Amino acid sequence: MAQPRVPGGDEDVLELPCGESVRLEALDLGMREYDCNCGETHAVVMDVHPPERFLPEFLVEVLREAIETTSEEMPEFDTPHLLGIVLEEFPELVVTRDASENATVGYAMVWVADFDSHRLHEVIVELVVELMEHAVSHANDDAALANFEEEMTAFDVTEFVERYRAERDLEADDPYA
Ligand SMILES: [Zn+2]
């Protein structure tokens, strides 16, 4: 007989946007995607994955310079902030869990998106471009803004993500990148 559901749910089970659920232990550190029972593949990101999984190092540096985080625990811009931006934009399509109390898994935070990791990658790049445009427009420098906008019209997110993923997978020396 099925166990009655505890209000608030089982701490070790993550309810996914598609209605399925997954045990936290089923997600391991090297996992970028989860093949779900719903038939879809969902992007998986953990705090141990560096932001370079999605963005080139120079851009991560720029973000670290430009963005003041409000978190005392994580003062430096990192993967959790990146996923925080995605979560803010798509609150119904991304779920997250603090697993730092769970000793059986090697990560402290996990995010699972409704979309696959390729689409998540595009979403992240799109949001970072918007974020940077916002930052540039607040700098009150019309020339810089015009310059940035011109560069961005020539910037193709789809193409960038294709190329970045191909190069990353060839060159990655960080197993979680
Ligand atoms: Zn699913």
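The values are calculated or read from the model by the stated rules, or taken from the named source; none is laboratory data. Since this is a predicted model, take the numbers as computed values, not measurements. All Cβ positions, glycine included, derive from the backbone under ideal geometry; neighbour counts span all protein chains shown.
Among (1) surrounded by 12 or more Cβ atoms within 10 Å (Cβ to Cβ); (2) over 19 Å from HIS134 (Cα atoms), which single condition is PRO75 missing? Exception for PRO75: condition (1).
Of the residues in the range 99-110, at least one is at pLDDT 95 or above and within 16 Å of the ligand (Cβ to nearest atom).
Would it be correct to say that LEU14 is within 23 Å of VAL123 (Cα to Cα), hydrophobic (A, V, I, L, M, F, W, C) and more than 16 Å from the ligand (Cβ to nearest atom)? Taking the combined requirement at face value, the residue does not satisfy it.
Conditions tested, residue by residue: (1) over 24 Å from GLU11 (Cα atoms); (2) touching a helix residue (DSSP H, G or I) at 6+ places or on another chain (Cβ under 9 Å).
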{"position": "GLU68", "(1), (2)": "yes, no"}
{"position": "VAL105", "(1), (2)": "no, yes"}
{"position": "ASP114", "(1), (2)": "no, no"}
{"position": "VAL123", "(1), (2)": "yes, yes"}
{"position": "ALA135", "(1), (2)": "yes, yes"}
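Among residues of the range 134-150 that are of a type in the set (Lys, Arg), none has a beta-carbon under 6 Å from a residue that is surrounded by 12 or more Cβ atoms within 10 Å (Cβ to Cβ) and in a loop (DSSP other than H, G, I, E, B) at least six positions away or on a different chain. Within the range 143-153, not a single residue is under 21 Å from THR79 (Cα atoms) and in a helix (DSSP H, G or I). For ALA43, the criteria (1) assigned to a loop (DSSP other than H, G, I, E, B); (2) crowded, with 18+ Cβ neighbours inside 10 Å; (3) modelled with pLDDT of 95 or more hold in every case but one, which is (1). Restricted to the range 151-177, and to residues there that are farther than 23 Å from VAL136 by Cα and small (Gly, Ala, Ser), the residue that is modelled with the lowest pLDDT is ALA172.
For the range 33-46, state whether one or more residues are touching a residue at least 40 places away in the same chain (Cβ under 8 Å), under 24 Å from GLU126 (Cβ atoms) and away from the ligand (no atom under 16 Å from the Cβ). Among the residues of the range 33-46, at least one is touching a residue at least 40 places away in the same chain (Cβ under 8 Å), under 24 Å from GLU126 (Cβ atoms) and away from the ligand (no atom under 16 Å from the Cβ), which makes the answer yes. Criterion first (more than 26 Å from TYR164 (Cβ to Cβ), surrounded by 16 or more Cβ atoms within 10 Å (Cβ to Cβ) and either within 16 Å of the ligand (Cβ to nearest atom) or at pLDDT below 90 (or both)) does LEU93 satisfy it? No; evaluated as a whole, the condition is false for this residue.
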